[in-house]
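Q: Submitted below is the structure of interest, expressed as structure tokens.
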């Protein structure tokens with residue numbers, strides 16, 4: 001019986017599929033299923049944002065004290081003497097991005113101030129099905145009344161249970177864990193560092209670097225940024241710039257500006273703007289809250305005007321432990 005050779009077109013088709021496989025897997029990685037947003041944008045570049053930070057467009061690397069400092073610039077923990085405990089939540093309905101957790105900062109009981117946070121989240125449950133746990137420990141020290149330095153350790157464990165265009169396979173699904181599910185895509189420690197300079201009572205200049213072990217991926221992108229702020233107890237305005245080296249195929253910039261005003265000593269009003277070169281996005285943000293002596297309740301929203309569709313909602317509740325009188329202060333040493 002004669003052997004029938006497969007048609008040449010079959011070999012061409014197989015070659016094209018083989019050549020396309022890496023690109024298709026990459027496309028699955030860089031786009032969420034429910035929107036046209038790049039996965040790095042939907043993931044918010046792995047950043048954890050407080051309500052204050054998000055309302056001001058992310059522009060708080062110079063004046064972001066309290067519970068914001070461990071996430072943006074650890075040097076700022078020592079800017080003010082506080083002992084704050086905050087629970088936070090962040091939801092983006094368009095891509096299923098959700099983050100929940102808490103942060104504690106203490107700059108009252110010792111000159112070496114510190115903060116710790118534990119957050120977890122997930123996104124794109126019908127596509128990438130990404131979930132993660134993010135743990136941070138940050139320390140800050142005031143060298144003088146005008147110069148502050150800080151360093152923060154970070155541990156991220158991230159898993160993706162979703163499948164790519166080839167379904168449940170090693171090509172697009174990842175390696176299976178024999179005990180169930182899949183192995184973590186990221187399971188790494190890294191660190192941040194920051195520096196803040198106060199010029200008089202009003203002007204702050206902050207510099208910070210994030211994920212400085214250079215993991216070289218979009219899950220823990222290495223970023224360098226800085227900001228300049230004019231701030232007092234009732235009013236803040238700040239402008240920041242950030243270079244992101246890993247979220248896209250080359251360095252990309254983000255620029256942001258934000259302001260806040262404390263109305264009648266109890267109601268913080270905030271506005272912000274953010275430009276994202278990588279996603280070609282323009283966003284506007286705002287927030288409001290109620291600030292009492294013992295606690296605060298705050299909310300904010302950031303909305304895309306141009307670029308990938310996203311409405312990010314942020315909520316935070318804080319307790320100010322120093323108001324209870326249970327904590328000793330540096331003057332008691």
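The values are calculated or read from the model by the stated rules, or taken from the named source; none is laboratory data. Values in this document were obtained by computation on a predicted structure and should not be read as measured data. Backbone-built Cβ (ideal geometry, glycine too); neighbour counts: all protein chains shown.
Q: Does the stretch 89-115 hold any residues that are buried (at least 24 other Cβ atoms within 10 Å of the Cβ) and in a strand (DSSP E or B), and which are they?
A: Answer for the stretch 89-115, where residues must be buried (at least 24 other Cβ atoms within 10 Å of the Cβ) and in a strand (DSSP E or B): 90, 103, 105, 113, 115.
Q: Quick check on my filter: what residues within the stretch 117-129 are surrounded by fewer than 17 Cβ atoms within 10 Å (Cβ to Cβ) and more than 15 Å from the chain's Cα centre (by Cα)? I'd like the intermediate steps shown before the answer.
A: So in the stretch 117-129, the residues surrounded by fewer than 17 Cβ atoms within 10 Å (Cβ to Cβ) come out as 118, 120, 125-126.
Residues satisfying the conditions are 125, 126.
Q: If you don't mind, there's one more thing I want to ask. Note down all Cβ pairs under 6 Å where the first residue falls in the stretch 111-131 and is without any contact (Cβ under 8 Å) to a residue 40 or more places away in the chain and at negative phi, the second is buried (at least 17 other Cβ atoms within 10 Å of the Cβ) and part of a loop (DSSP other than H, G, I, E, B), and they're at least six residues apart or on different chains.
A: 113/107; 125/96
Table: residues versus (1) closer than 30 Å to residue 108 by Cβ; (2) in a loop (DSSP other than H, G, I, E, B).
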residue: 286; (1), (2): no, no
residue: 290; (1), (2): yes, no
residue: 301; (1), (2): no, no
residue: 308; (1), (2): no, yes
residue: 312; (1), (2): no, no
residue: 315; (1), (2): yes, no
residue: 318; (1), (2): yes, no
residue: 323; (1), (2): yes, no
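Q: How many residues, within the stretch 245-276, are surrounded by 15 or more Cβ atoms within 10 Å (Cβ to Cβ), without any contact (Cβ under 8 Å) to a residue 60 or more places away in the chain and under 18 Å from the mean Cα position of the chain (by Cα)? Can you show your working first?
A: Filtering the stretch 245-276 for residues surrounded by 15 or more Cβ atoms within 10 Å (Cβ to Cβ) gives 245-248, 251-252, 254-260, 262, 268, 270-276.
Of the ones still in play, those that are also without any contact (Cβ under 8 Å) to a residue 60 or more places away in the chain are 245-246, 251-252, 255, 262, 275.
Retained after the next criterion (residues that are under 18 Å from the mean Cα position of the chain (by Cα)): 245-246, 251-252, 255, 275.
Of the residues in that region, 6 qualify.
Q: Taking the stretch 130-170 as the region of interest, how many residues are at pLDDT below 90, touching a strand residue (DSSP E or B) at 6+ places or on another chain (Cβ under 7 Å) and surrounded by fewer than 19 Cβ atoms within 10 Å (Cβ to Cβ)?
A: At the first step, the residues of the stretch 130-170 found to be at pLDDT below 90 are 160-170.
Then drop every residue that is not touching a strand residue (DSSP E or B) at 6+ places or on another chain (Cβ under 7 Å), which leaves 160-161.
Next cut, surrounded by fewer than 19 Cβ atoms within 10 Å (Cβ to Cβ) only: 161.
Final tally of qualifying residues: 1.
Q: For the stretch 186-208, state whether one or more residues are at pLDDT below 95, outside any strand (DSSP E or B) and farther than 30 Å from residue 262 by Cβ.
A: Within the stretch 186-208 (the criterion being at pLDDT below 95, outside any strand (DSSP E or B) and farther than 30 Å from residue 262 by Cβ), the answer is no, since none of the residues qualifies.
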